[in-house]
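The values are calculated or read from the model by the stated rules, or taken from the named source; none is laboratory data. These numbers come from a predicted model, not from an experiment. Glycine also receives a Cβ, built like all others from the backbone with ideal geometry; neighbour counts cover every protein chain displayed. All accessible areas refer to the heavy atoms of the entire protein, side chains included, with ligands and DNA or RNA removed. Shrake-Rupley method; radii C 1.70, N 1.55, O 1.52, S 1.80 Å.
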Amino acid sequence: MRPATLTLVACLAGGGALSAQEPAPSSGVRYGRLVIHDALVIDGTGNPTRGPLDIVIEGETITRIARHAGDETHEADRVIDAGGMYVMPGIVDLHGHIMFSRAGDPLPKDYVYKLWLGHGITTIRDPGSGVGLDTALHHARLSASNAIAAPTIVPYATVTASAPDEARRRVRALAQAGAAGLKVFQLRPDVWDAVADEARRVGLPIATDMKIQEYDAVDAARLGVRTLEHWYGVPDAAIAGPQAFPADYNYDDELDRFRWAGDLWRQADPQRLSDVLDAMLASGVTWDPTFAVYEANRDLARAQRLPWFDEYAMPNVLAFFEPDPDSHGSYHVDWTTGDEVMWRENYRIWMRWVREYAARGGNVTVGSDAGYIYQLYGFGTIRELELHQEAGFHPLEVIRHATSNGARALGLERTGVVRTGFEADLVIVDGNPLHDLKVLYGTVGAGDTGAGRHGGVRYTIKDGVVFDARALLADVREMVRKAHAREVAP
Ligand SMILES: [Zn+2]
């Protein structure tokens, strides 16, 4: 991350000092020598909890983990007493769209970032977002130099093209511009082939959200795609012939599209599915299922009345979720009991195959896709962890999905594990996430301490920079309070 400091100077010189258009300056502090004292440690690899241990951090790096390692605390610039608390690696959200506006109105620029950090998320991959690659890169540099309070940002960029030559030019241009990877949606097969080939030449990984097209997950695996987002293309590859949609189905009607997507896992042939998984496994495809973002489909009333909306949801975010054919993912204009029942069955089959993919050695990760379909930033990521547990994973595996597996998918070799020599990306939690993943929800630290949940996320440490998670969430509540006050003003 060191070269980022140099680039920051260029950023500031080009764009002036941090303006009102930028996120607020970072409240985080990086210490010469920081000691986390007496913590119970979940290392993120799947190993059981160890402790109490001291974790010594020098600058951005974990330099020692041992019992009483911090006894020379008089030499520390800061000591955090984590007695009775749990330390786990910072969460890697593989599907975190940076958003600065919703429903046509702006969001405060640090609203999304603070919700993420407040929930222990220290790295996000932006899978191509509306803010544009230049802004994502700029904020990635500001975050790396601790100028703003934000997770580490890994910016992917969307490739669209209608012909192979154009596709190759675009891939080269995005590599030149600094994209860390490419996001590919629907493309003609010859354009897909060109994108994959050029991406390999310039060394950019591909994340794909396949939706429905000529290519499916087996093709994506053959083309060397790094991560498969959601689940599109997997059951499709295991259905003989086209998907059994009703005669009046129209893909461009989102109600049709999301409703009947809920029948695809049931249509898939189990023996074929097994072969599809093997093809993905052979190519080392990471599966980032993003369970939570579809949850409204199996229980719409729950999704629409989540307890954290009152204090943490900006009014324009909630407005965007309301059924409206002009807002992506806001298709619940006629969502029936039958749709929910179909989607519940869909989840059961889908979850079973994600579990099977991991059992065969496949890399499974956590991505939220928050900002769509009633999923709020940060909260949606924690909900995703809960749904991995529902899929049959032990909480230690769930935390591995959310930490070291995500780092592996991004090629980050020194993050995602609480280990000497690794970057200090850590979450200090007052409560045991293995007992109850709900301790990670931002609402817990803000006073919902019932059910033995203690104080929730206390500190999020990113590259050795210590953030007070409760203070970040208090900032968010203030943003939301002000937005509501503006709404009722005459
Ligand atoms: Zn997305």
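For the range 202-284, the set of trypsin sites (Lys or Arg not before Pro) satisfying both a DSSP loop assignment and a count of at most 16 other C-beta atoms within 10 Å is given as Lys211.
Computing FRET efficiency as 1/(1 + (r/R0)^6) for Ala359 and Ala247, where r is the C-beta to C-beta distance and R0 is 30 Å, gives about 0.20. Among Leu318, Tyr215, Pro289, flag the residue with its Cα farthest along the positive direction of the charge dipole of the chain, charges on Cβ as +1 for Lys/Arg and -1 for Asp/Glu. Value: Pro289.
Evaluate the relative contact order of the chain (contact order divided by residue number), counting alpha-carbon pairs under 8 angstrom at least 6 apart; express in whole percent.
Working: 1050 pairs, mean separation 97.4, N = 490.
Across the chain, relative contact order equals 20 percent.
Ordered from largest to smallest accessible area (heavy atoms of protein chains, 1.4 Å probe), the residues Lys482, Lys183 come out as Lys482, Lys183.
Explain nothing, just the number: dipole magnitude of the range 144-260 about its Cα centre with +1 on each Lys and Arg Cβ and -1 on each Asp and Glu Cβ, in debye rounded to the nearest 20. Write down the numbers at each step before the final one.
Numbers: 13 positive and 17 negative charges, 134 e Å.
Value, rounded to 20: 640 debye.
Could you give the accessible area per residue of the range 277-391, probe 1.4 Å, as a whole number in Å²?
Numbers: 3860 Å² over 115 residues.
So the range 277-391 comes to 34 Å² accessible per residue, rounded to a whole number.
Taking Lys and Arg as +1 and Asp and Glu as -1, the other residues whose beta-carbon sits under 13 Å from that of Ala180 total +3. In this Cβ point-charge picture (+1 for Lys and Arg, -1 for Asp and Glu), the range 203-253 has a dipole of about 320 debye about its Cα centre. Near the amide H of Ile80, within less than 5 Å, lie the amide hydrogens of Val35, Ile36, His37, all on another chain or at least 5 residues away, with H placed in the peptide plane.
Applying the Karplus relation 6.51 cos²θ - 1.76 cosθ + 1.60 with θ = phi - 60° to the range 334-341 yields 3J(HN,Hα) values of 8, 9, 9, 3, x, 5, 5, 5 Hz, where x marks Gly and Pro.
Using a/c under 1.5 as the rounded threshold, could you call the range 121-249 rounded, prolate or oblate? The axes a ≥ b ≥ c are square roots of the C-alpha gyration tensor eigenvalues, and prolate needs a/b larger than b/c, oblate otherwise.
Values: a/c = 2.44, a/b = 1.66, b/c = 1.47.
Note, shape of the range 121-249 comes out prolate.
Once neighbouring chains are kept in place and the probe is 1.4 Å, which whole percent of the accessible area of the chain is contributed by carbon and sulfur? That share works out to 49 percent.
Around the amide H of Gly456, modelled in the peptide plane, lie the amide H atoms of Asp430, all under 5 Å away and 5 or more residues distant in sequence or on another chain.
Which of the three applies to the chain, rounded, prolate or oblate, going by the alpha-carbon gyration tensor with a ≥ b ≥ c and a/c under 1.5 meaning rounded?
Values: a/c = 1.41, a/b = 1.39, b/c = 1.02.
It is rounded, given that a/c, with a ≥ b ≥ c, falls under 1.5.
3J(HN,Hα) along the range 420-435: 4, x, 8, 4, 7, 10, 9, 10, 10, 10, 8, x, 9, x, 6, 6 Hz, from the Karplus curve 6.51 cos²θ - 1.76 cosθ + 1.60 with θ = phi - 60°, whole Hz, x for Gly and Pro. Annotation: extensible slack from Gln271 through Arg352 equals 27.8 nm (criterion: 0.36 nm per residue apart, minus Cα-Cα distance). Annotation: amide H-H contacts under 5 Å for Ile206 (H modelled 1.01 Å from N, sequence separation of 5 or more, or interchain): Leu182, Arg226, Thr227.
Look at where the Cα atoms of the range 361-434 and of the range 44-72 average out, and the two centres are 20 Å apart. The alpha-carbon of Lys482 sits under 16 angstrom from the alpha-carbons of these aspartates and glutamates, leaving out residues fewer than 8 places away in its chain: Asp105, Asp110, Asp310, Glu311.
In debye to the nearest 20, how big a dipole does the chain give about its Cα centre with +1 on each Lys and Arg Cβ and -1 on each Asp and Glu Cβ?
On the way: 49 positive and 66 negative charges, 212 e Å.
The dipole magnitude comes to about 1020 debye.
For Lys438, a cut-off of 22 angstrom between C-alpha atoms picks up these lysines, skipping any fewer than 8 places away in its own chain: Lys114, Lys462. Think of the range 261-352 as having a plus end and a minus end, set by charges on the Cβ of Lys, Arg, Asp and Glu; of Thr336, Met351, Pro307, Met351 sits farthest toward the positive end of this dipole.
Using a probe of 1.4 Å, the accessible surface attributed to Met88 totals some 0 Å² when neighbouring protein chains are kept in position.
Under the classification rounded if a/c is under 1.5, otherwise prolate if a/b is larger than b/c and oblate if not, where does the range 337-382 fall, given a ≥ b ≥ c as square roots of the Cα gyration tensor eigenvalues? The shape class here is oblate. Here's the picture: charge each Lys and Arg Cβ at +1 and each Asp and Glu Cβ at -1 in the chain, and of Pro89, Leu204, Gly130 the one pushed furthest to the positive end of that dipole is Pro89.
Here the contact order of the range 57-177, divided by its residue count and restricted to Cα pairs under 8 Å and six or more residues apart, works out to 20 percent.
For the range 305-310, the Karplus equation 6.51 cos²θ - 1.76 cosθ + 1.60, evaluated at θ = phi - 60°, returns couplings of 10, 5, x, 7, 4, 3 Hz by residue, with Gly and Pro reported as x.
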